[in-house]
Amino acid sequence: MEILLIGAVACMAALILSAWLMTFARWFPVKGLDEKIPDYKTFIRAHVDYALMALFNLGFYGSGVELPVFACWCVAIGGFTNPSIFVVATFDPDFWDKQLWKILSAISFIITTIGFTGVGITLLQHALQS
């Protein structure tokens, strides 16, 4: 289950990094650099998603319930890759039209879904047994 802590820390690091990057890009506009971030709205989505995934990782870890290791790995991996997809989309205006990114997005979403489903079922079983 410790992988959830690693996942949370990775998401928190990406959260802080994205916050600084967005803030400095707005406070200190640099000609040529601002054009590198063409889609701030998607970058903000990534930022918020990193925060949510960090909280999920920490919440699941702190639940006190012994969770399936495979589900924990899926939550940690998917929790980081899902927001990272938004980061890539921020810097690539043609992102949503590229087959590779569609496939990788689907794989990331499937991994996340498996993890959250496994954790959710385990938490529900634990609650019903208590």
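The values are calculated or read from the model by the stated rules, or taken from the named source; none is laboratory data. In this text, all values refer to a predicted model and were calculated from it rather than measured experimentally. Glycine gets a Cβ as well: all are built from the backbone with ideal geometry, and neighbour counts include every protein chain shown. SASA here: full protein model, heavy atoms, side chains in, ligands and nucleic acids out. Shrake-Rupley method; radii C 1.70, N 1.55, O 1.52, S 1.80 Å.
Quick notes on this one:
- GNM flexibility winner over the chain from Lys31, Lys41, Lys102 (Cα, springs under 10 Å): Lys31
- Calculated [θ] (222 nm, deg cm²/dmol) that DSSP helices of n ≥ 4 give over the chain, each run adding -39,500 (n - 2.57): -27500 deg cm²/dmol
- Extension gain, Val65 back to Leu52 (0.36 nm per residue minus Cα-Cα distance, nm): 2.7 nm
- Surface share of carbon and sulfur [accessible, 1.4 angstrom probe, percent] for the chain: 74 percent
- Candidates Leu52, Leu21, Leu67, ranked by Gaussian network fluctuation over the chain, Cα under 10 Å, top entry: Leu21
- Counted residue by residue at 0.36 nm each, then reduced by the alpha carbon distance between them, the extension gain from Thr113 to Leu100 reaches 2.7 nm.
- Simple Cβ-charge dipole of the chain, Lys/Arg +1 and Asp/Glu -1, about Cα centre, in debye nearest 20: 180 debye
- With semi-axes defined as the square roots of five times the eigenvalues of the C-alpha gyration tensor, the equivalent ellipsoid of the chain measures 32, 17, 9 Å, largest first.
- Prolate/oblate/rounded label for region 63-129 (Cα gyration tensor, a/c 1.5): prolate
- FRET E, pair Ile6, Val88, Förster distance 25 Å, beta-carbon r, rounded to 0.05: 0.70
- Gaussian network model of the chain, springs between alpha carbon atoms under 10 Å - residue of Val65, Val119, Val75 with greatest fluctuation: Val65
- For region 47-54, 3J(HN,Hα) computed residue by residue from phi via the Karplus equation (6.51, -1.76, 1.60; θ = phi - 60°) reads 4, 5, 5, 4, 4, 5, 5, 4 Hz, glycine and proline entered as x.
- Principal-axis analysis of the Cα atoms of the chain puts helix 99-129 at an angle of about 30° to the longest axis.
- At a probe radius of 1.4 angstrom, the accessible area of region 61-130 per residue rounds to 60 square angstrom.
- Applied to region 12-21, the Karplus parametrisation 6.51 cos²θ - 1.76 cosθ + 1.60 on θ = phi - 60° returns per-residue 3J(HN,Hα) values of 5, 5, 5, 4, 5, 4, 5, 4, 5, 4 Hz, with x for Gly and Pro.
- Contact order normalised by residue count of the chain, Cα under 8 Å, 6+ apart, percent: 34 percent
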